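Notes for the one structure printed next.
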Amino acid sequence: MSGLSEILLIILIIAILFYLPKRAGGDSPARRRLRVSLSGRMRLAIVVSILYLPAAGYLFNPMDGDPIRFAVFGVGPVILGWAIYWVVLGYRRHRR
């Protein structure tokens, strides 16, 4: 159970990091430049990646079981998916 609580704590910290700057107020020009518009597909990919990791951690139990299996089937697909996206995005931008 401690593994699940650690994962939830990390998710809470990440959520706070995104929430607090919005609550700080002020809309300076530098802040407007840093604002990124995410498409629906990108938001879906981020949410699936975030939800997949705790689910894989729960299913594969890296603390009690085989951590290699968790690395291959848990973290591996997320890293591979984002790596493929990054490479494809680079090729698209280079063609322009």
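The values are calculated or read from the model by the stated rules, or taken from the named source; none is laboratory data. Since this is a predicted model, take the numbers as computed values, not measurements. Glycine gets a Cβ as well: all are built from the backbone with ideal geometry, and neighbour counts include every protein chain shown.
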Residues of segment 49-70 satisfying the condition of being in a helix (DSSP H, G or I), under 21 Å from Leu8 (Cβ atoms) and more than 13 Å from the chain's Cα centre (by Cα): Ala55, Ala56, Gly57, Tyr58, Leu59, Phe60, Pro67, Phe70
Got at least one residue in segment 80-89 being of a type outside the set (S, T, N, Q) and at pLDDT below 90? yes
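Which ones in segment 17-69 are of a type in the set (D, E, K, R) and either modelled with pLDDT of 85 or more or more than 22 Å from Tyr85 (Cα to Cα) (or both)? Walk me through how you get there before you give the answer.
Restricting attention to segment 17-69, the residues satisfying the condition of being of a type in the set (D, E, K, R) are 22-23, 27, 31-33, 35, 41, 43, 64, 66, 69.
Once the filter is applied, which keeps residues that are of a type in the set (D, E, K, R) and either modelled with pLDDT of 85 or more or more than 22 Å from Tyr85 (Cα to Cα) (or both), segment 17-69 yields Lys22, Arg23, Asp27, Arg31, Arg32, Arg33, Arg41, Arg43, Asp64, Asp66, Arg69.
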Identify the residue in segment 43-66 that is touching a residue at least 24 places away in the same chain (Cβ under 8 Å) and either surrounded by fewer than 12 Cβ atoms within 10 Å (Cβ to Cβ) or of a type in the set (Phe, Trp, Tyr) (or both) and, among all such residues, is farthest from Phe18 (Cα to Cα). Met63
Filter result (surrounded by fewer than 11 Cβ atoms within 10 Å (Cβ to Cβ) and β-branched (Val, Ile, Thr)) within segment 67-96: Ile68, Ile84, Val87, Val88
